Structure formats: C-alpha cells, structure tokens
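The values are calculated or read from the model by the stated rules, or taken from the named source; none is laboratory data. Just so it is clear, the structure is predicted and the values come from calculations on it, not from any experiment. For neighbour counting, all protein chains shown are included, and Cβ atoms are generated from backbone atoms with ideal geometry for every residue, glycine included. In case anyone asks, the SASA skips ligands and DNA or RNA and just uses the protein heavy atoms, side chains included. Shrake-Rupley method; radii C 1.70, N 1.55, O 1.52, S 1.80 Å.
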Amino acid sequence: MYCVKQITPDLYYVGASDHRQPLFEAAHPIPDGVSYNNYVLVDEKTVLMDTADRAVSEVFFENVARALDGRALDYIVVQHMEPDHSASLARALRLYPDAQVVCTAKALTMIGQFTGLDIAGRARVVKEGDTLETGRHTLKFMLAPMVHWPEVMVTYDMTDHTLFSADAFGHFGALDGALFADEVDFIRDYLDEARRYYANIVGKYGAPVQGLLKKAAALQIDRICPLHGFLWRRDFDKIIEKYDLWSRYQPEVQGVLIACASVYGNTMNAASIVAAGLRDQGVPCALYDVSATDPSYILAEAFKYSHLLLASPTYNNGVFVKMENLLHDVAAHTLANRTVFMIQNGSWAPTAAAGMKAILEGLKGFTFAEPVLTLKSALSAGQAAEVDAFVNAIVESAGGKA
Ligand code: FEO
C-alpha cells in the first residue's frame, strides 16, 4: 500500500526506504537501510521528480498514483540517471505514455543506454537556467555535472523556493517514518552516515560540489529535497557547512584517524599504545582495524580527521592487502590536505611505510611526517623512548597538549 507524505499543499513525497539490500552500489554496507526519494508536484501540470531503485519500485508506483489521485502525469524530471533513481524509468514511461521527460542532453543519451528506448520524441532537453512553467510553479534547472555523474542537474522551484538537490545532501539510512532532518537528532544520529555517504559517493568530486554550493548560495532556499535521506526545511547550515568542509577536503576535527592492519596483533599493539598516548595528551583519535571494518567507514573518518596514522605489516614485500585496498580507496577519492604518520612492521625487511607513501604521495596537500615507527616483529621494551617521541611528534603536529 502507498505511503505518501505531504510536504506543501501541492508537493508530495512519494519515495520509499529499503532495509533489505545489504550494500549500496554493491559496495558500501547500509545496515540502517537507505531511502530513495521522489516527489510529485501537483500543479496545473503534474511533475514527477525522478524514478526509483528496483528495490522500492512497487511502493514507489503506488505512491505516485496516490499523489496524482487520478490525474495524468505531464512531466518526469530526470535529474540523475544512476539506476538507484532510474531503474523504474522504463516502467514509468509505459505507465504514463503522455508524460514528457525533462532532462539534460547527457541524461537523454544515458536513457537510451540503460533502457534501450529512443525517447527523443517525448524528451524536453534542458540546459543551464532553462525553466518549466507548470501553472503556479516555475521550475528552473541548474546543471550539476559530477555531483555525482556528468548528466546530473538539480531543480529549483522558484515559486516555493524548493531545491531538489539530486544526490547532494543525501545520506545513508532509511527514513523510518520521519521526513525532515529536524524530526530527528541529525548531528547525533545521522551525521556519520551523511559523511560516509558523501565521502564514498561524492567525495572524489569536491570541485563540482563547490560549484553547486556556490549556485545554491545565490538562491533563497526554504527547503532542500535530496534523492536520499532527510529533507531540510530549517538549520540548513548543519548540512551545508559540512558539505563545504568535505568538498574543500578540510577536516572537521583536529585529531587522528588510526587505521591499523595487523596479522597477528603486534602492529595493533603498537597502534593501541600510540592511541593511548594521544588520548593522554588530549588528542582526539579513532582507531580501526582495517581487516574488521569496511573501508567505507574508514574513508569517511579520513575525511573527518586532520591526521592519518597508518600502521601496517610488510606483506609480500609491500603493504598488507587490506591496508593497500583502503589506501587505494583514499587515493581514488582524492582526499587532500592531511598529515600522515606511519607505523610499519617487518620481521626481516620492513617496507610497508614506503609502500603506503607510494600510494598516497600524489594526493594534493598530503604531508608525510617523520619519524616512522618501525617494529621488527613486535615492539620491544627498548623502544619505549622511541614510542614516546613518536607520540609527541603527532601531538605537536595535531595540536594536543605537548
Ligand atoms: Fe543516488 Fe548517484 O545516485
């Protein structure tokens, strides 16, 4: 059965949340689910904003029908062609044969690629600044390429000051009956998943996100309606300030993400001792075992903290495989402006530090700090002073008490 929420007198939420898929994009765990957001505007003309993932298509179509309440659908606005928003498009085109598709030229090409359909005859291709009059409302389309694919546009309702923001400002996590971010304690309960969504989905595209933020700053915005996660109708700075930091690759916290690989526990022992020393001197830190925690979480923490402490055994004369995978993920998402400290372990030929540096050294604004703490199989009692000096170097760099 349908589950529709009214946003304004003529705007309806017709999206749905999914709790069943274990992975988003077949890559990122979503233990708390995810929402696929859609909106129907009921004006003199009717407009559907995007379609939905297959996982929620049944309730999505019930919701659309409920919101239309017997009216024909005049327009389907396609802001983004990634299949989490377009897998139901072909069915929507069949169900609503008179609906015109409003999209960018790049999206039109992708519609053909994904569906095998030539819809040029029922498409209205829009460019930056084009508008669509629907009666009381005027919708203005603004291109947002690479937030998160090249065909993306966002839509601004000039009448009610609603920004339909596509993937921007989304987060992982189902909505579970709420609709607006101010209905929950967003910072306490959802910010981490917003950061993880940002870092993993849009993190590589900081400059395009900055471009979108600049466009948004010029608008009067009364509500933000993203394609995932809660809608915003107040406290916009809570999410926009974070997006500004993340997209400029500036840390939120002066502190240390400790990512540790440890085959038999000796490298983790060293990382834990260093973490204790950092805590003792007032430096915030978070420690993850890269074999136990999905990289999507650790990448998000790398976006949060100013410093990275990477600890890895030497493995096949290089970096331990789980750490290697994580660091390639960090590099692929073009994180910038971080200071890196390293611990390496090697029973006969420690080379992990050089290997870790080689993966990351092309990143903009990355500094590789000295000293590197080297273990030969395990920390020895004779290394206590060396560990203290290592901790103090991090504290000094990260701005703790020392
Ligand atoms: Fe939510 Fe890039 O799709």
For Ile258, the residues 5 or more places away or on another chain with a placed amide H closer than 5 Å to its own amide H are Ala286, Leu287, Tyr288, Leu309
Mind checking which lysines have their Cα closer than 24 Å to the Cα of Lys322? Skip sequence neighbours fewer than 8 apart in that chain.
-> Lys204, Lys304, Lys357, Lys364, Lys376
What is the P(r) of region 296-386, as percent of Cα-Cα pairs per 5 Å bin from 0?
-> 3, 14, 25, 25, 17, 10, 5, 1
Karplus ³J(HN,Hα) for region 70-82 (6.51 cos²θ - 1.76 cosθ + 1.60, θ = phi - 60°; Hz, whole; x = Gly/Pro) runs x, 6, 6, 9, 8, 9, 10, 8, 9, 8, 8, 9, 4
At a temperature of 4 °C and a viscosity of 1.567 mPa s, determine how fast region 90-134 diffuses translationally according to Stokes-Einstein, using the Kirkwood radius over alpha-carbon pairs as Rh; express D in µm²/s, rounded to the nearest whole number.
-> 116
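For Thr8 and Val125 in one chain, what is 0.36 nm times their gap in residues minus the Cα-Cα distance, to one decimal in nm?
Fully extending the segment from Thr8 to Val125 adds 39.4 nm.
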Quick tally, 1.4 Å probe accessible area for Ile359, Ile343, sorted with the most first, runs Ile359, Ile343
Once the whole set of protein chains is in place, how much accessible area is left on Lys322, using a 1.4 Å probe, in Å² to the nearest 10?
-> 100
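So how much slack lies between Glu44 and Arg248, counting 0.36 nm per residue of separation and subtracting their Cα-Cα distance, in nm?
Numbers: separation 204, 0.36 × 204 = 73.44 nm, distance 4.15 nm.
Contour length minus Cα-Cα distance gives 69.3 nm.
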Under 18 Å from the 7 Å Cα→Cβ point of Val263, by amide nitrogen: which residues of region 328-359?
-> 343-356
Go through 211-217, 383-389 and give me the packing order, highest mean Cβ count within 10 Å leading.
-> 211-217, 383-389
Reported to two decimal places, what Rg/Rh ratio describes region 7-110 when computed on Cα atoms with Rh from the Kirkwood expression?
-> 0.98
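What number in nm² do you get for the chain if you take the convex hull of its Cα atoms and divide its surface by four? Write down the numbers at each step before the final one.
Details: hull surface 81.8 nm².
Over every viewing direction, the Cα hull of the chain projects on average to 20.5 nm².
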Per the 1/(1 + (r/R0)^6) rule, R0 = 35 Å and r from the Cβ atoms of Arg279 and Thr109, FRET efficiency to 0.05 is 0.10
Probe 1.4 Å, all chains present, heavy atoms only: Glu361 accessible area in Å², nearest 10, is 110
Work out the length of the dipole vector of region 283-389 about its Cα centre, built from +1 on the beta-carbon of each Lys and Arg and -1 on the beta-carbon of each Asp and Glu, and round it to the nearest 20 debye.
-> 140
